[in-house]
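The structure under discussion appears below in the form of structure tokens.
Read the figures in this text as sums done on the coordinates, not as results from a lab. Quick caveat: nothing in here was measured; it's all calculated off a predicted structure. Because the Cβ atoms are built from the backbone with ideal geometry, glycine has one as well, and the counts that use them run over all protein chains shown.
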Amino acid sequence: MTLEEARRRANELRDLIRYHNYRYYVLDAPEISDAEYDRLLRELEELEERFPELKSPDSPTAQVGARPLGQPLGYLGQPLGYLEATFRPLRHPTRMYSLDNAFTLEEVRAFEERLERALGRKGPFAYAVEHKVDGLSVNLYYEEGILVWGATRGDGETGEEVTQNLLTIPTIPRRLKGVPERLEVRGEVYMPLEAFLRLNEELEEKGEKVFKNPRNAAAGSLRQKDPRITAGRGLRATFYALGLGLEESGLRTQLDLLHWLKEKGFPVEHGFARAYGAEGVEGVYQSWLRERRSLSFEADGVVVKLDELSLWRELGYTARAPRFAIAYKFPAEEKETQLLDVVFQVGRTGRVTPVGLLRPVFIEGSEVARVTLHNESYLEELDVRVGDWVLVHKAGGVIPEVLRVLKERRTGEEKPILWPEACPECGHRLVKEGKVHRCPNPLCPAKRFEALRHYASRKAMDIGGLGEKLIEKLLERGLVKDVADLYRLKEEDLLGLERMGEKSAQNLLRQIEESKGRGLERLLYALGLPGVGEVLARNLAARFRTMDRLLEASLEELLEVEEVGELTAKGILETLRNPAFRDLVRRLKEAGVEMEAKERGGEALKGLTFVLTGELSRPREEVKALLRRLGAKVTDAVSRKTGYLVVGEAPGSKLEKARALGVPTLTEEELYRLIAERTGKRPEFPSAS
Ligand SMILES: NC(=O)c1ccc[n+]([C@@H]2O[C@H](COP(=O)([O-])OP(=O)(O)OC[C@H]3O[C@@H](n4cnc5c(N)ncnc54)[C@H](O)[C@@H]3O)[C@@H](O)[C@H]2O)c1
Ligand SMILES: [Zn+2]
């Protein structure tokens, strides 16, 4: 390859990588897999290594992430002008970096050799090995132990301020004791796999676009305009690094740092271990790779950091990444296979989901033969046909997913995917609401099985003994048709089913009995109203308090509930008015199932101290009583211990004091929003008429 050829290819690669950075970091909607992206970046790095004259500070190999919105924008070098920023751009006091990658043990050894050369010392070295959580990095800034702001990484220099959204993650500490005066704490915000699957199901249910993977889902959820939406997304955070304050902390090793973070109250949820040398790292890597599927978060590798912090100072950073650490990535197999057919499954709510049947392929240790194609929006975007060759991988090593269609392999024989007219389970005509196809028949057997399974699930009525096999048997024998029939089961009905003895039959009956007292919010979730997940069930229960009130709710009243949109409200209303549903509720009530909301929220503000100043729209005593009911303390004077100062009209000197001490302030409206986030409803004042 001549220098000229290399230059041309390098420019091509840079354009491509910038385009994919933009899709990934700014839009949260990548078009190619991480492995494909990593190959492009690797190729560019190798070119720049072979032809050093091609190196340049604005090559993607020398940059972190992408510029946030509101900065001059443009992935092809020339600015596209300013897109309006949703968030305030914020400069990090100290720079944030990405990580260089290793894919093989060889490359980890090469990393260790680089360390030896740079430090002029023989290895093996001691390392801290941590799970590489696949989320997005955030920076929290504390002054005198008080959280001042939190921001995304952005391009490493400038991020987006997302403080309000970060505060919806309950484990993030707002105040700290015994820490350096100015402190940056860094970690990862991520979406647990379970929350990710649930979110995508909710999006499917609404006919909306699903997220490609938990990382994009986390990034999209943290960067919401409305923190209430973020609050409902089940984000979590884990922390692993300091920026400002590292020197002052006096810490000597990375492992000490992780323990220190824990001790200061930060969630350190990603596991960590100590290892010696590249071989030791390999041991940890292999064992974590095996356990990968049982983690609650998606890990895309392990992060290897020199444990001794004094060595970090000697090694420093490249433009993109620290020299003392490396990400050792898990393999991400991608296989080409053929889409043989598409079948349609009917879910608990009657929603029809297309499922792709693949020519079976082996990916990362197991056979993949089926893949969900989510909904019509997804099919349109993917533009796949029966007979197409597709590229498939396992997202997070677990969930099979079509990455893209290999359109260049089309022969013209491929057939478009046609949605059925009739329900594949019961033959009832399907109805279409927006992009969602649904079987409206309340007695559809598909709904029966799913309805029972969902009703018994842990977060619903929690009837542990009622497994899938048993549900099938009960349906087969006609012992139950719907969830109300569960409460009529007798011991003799159960004996002999699924090898059930006296003891397990009695156990199951006891669990069924106990499920009667779960309360309205669990019941609403368990009944699977369309579009109603855990969060909405909670909000509905909080708003209406009893089933009777809810059954009489109007569309307007439903629209007043947090997070209920037009479509959801209509779906709920239709179900509430459905005679079959009302009959089911009546029979559940007769069986003794509790239909009232449980008191909630007594601890929502526990541990926080509030001070009020200025004139509020409600009598001050009422607001104080409300705060105390939610577990908060209310005091009269602002001090360092104050969590928030609530500021009304014409505030007094307390406001200046709070500013001087760095105590965060809330308007009255912000206070009610905070309460709504934490309890699922806006506060009600007992004396309000
Ligand atoms: N598919 C696409 O189009 C596309 C586009 C751009 C980027 N990407 C993906 O993103 C990657 C680059 O993103 P990146 O710069 O965030 O790097 P990265 O995700 O590969 O690694 C660096 C990041 O790891 C995170 N991390 C997780 N656990 C950590 C721990 N215990 N200690 C330290 N850091 C930890 C930090 O956020 C850090 O910034 C690429 O390798 C690619 O996989 C994909
Ligand atoms: Zn049906």
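Quick notes on this structure:
- Using the Cβ-Cβ distance between D493 and L443 with R0 set to 22 Å, the FRET efficiency works out to roughly 0.55.
- Charged-residue dipole, Cβ positions (Lys, Arg, Asp, Glu), the stretch 101-329 about Cα centre, Debye nearest 20: 80
- Figure legend: label point modelled 7 angstrom from the Cα of R95 along Cα→Cβ; residues of the stretch 5-23 with amide N under 20 Å from it are 18.
- Helix-only mean residue ellipticity at 222 nm for the chain, each DSSP H run of n ≥ 4 adding -39500 (n - 2.57), per residue, nearest 500: -10500 deg cm²/dmol
- DSSP beta bridges in the chain [antiparallel fraction, %, rounded to 5]: 85
- Stretching K225 away from E468 to a fully extended chain increases their span by 83.4 nm, per 0.36 nm per residue minus the current alpha-carbon distance.
- Coarse-grained scattering of the stretch 603-688 at q = 0.13, 0.24 Å⁻¹, given as base-10 log I(q)/I(0) from a Debye sum over alpha-carbon atoms: -0.37, -1.28
- Between E560 and H428, the C-beta separation translates, for a Förster distance of 25 Å, into a calculated FRET efficiency of about 0.15.
- Extreme residue, positive dipole direction of the chain, given options N101, T372, M547 (C-beta unit charges): M547
- Using the Cα coordinates of the stretch 101-329, the gyration tensor eigenvalues translate into equivalent-ellipsoid semi-axes of 30, 23, 14 Å, sorted from longest to shortest.
- Per-pair calculated FRET efficiency, R0 = 30 Å: S249 and E279 via Cβ, rounded to 0.05: 0.45
- Neighbour counting of Cβ atoms within 10 Å sorts the residues K681, K598, fewest neighbours leading, into K598, K681.
- Point-charge dipole on Cβ atoms (K/R +1, D/E -1) for the stretch 520-590, about Cα centre, debye to 20: 360
- Computed from label points 7 Å out along Cα-Cβ, the spacing between E291 and E143 is 4.1 nm.
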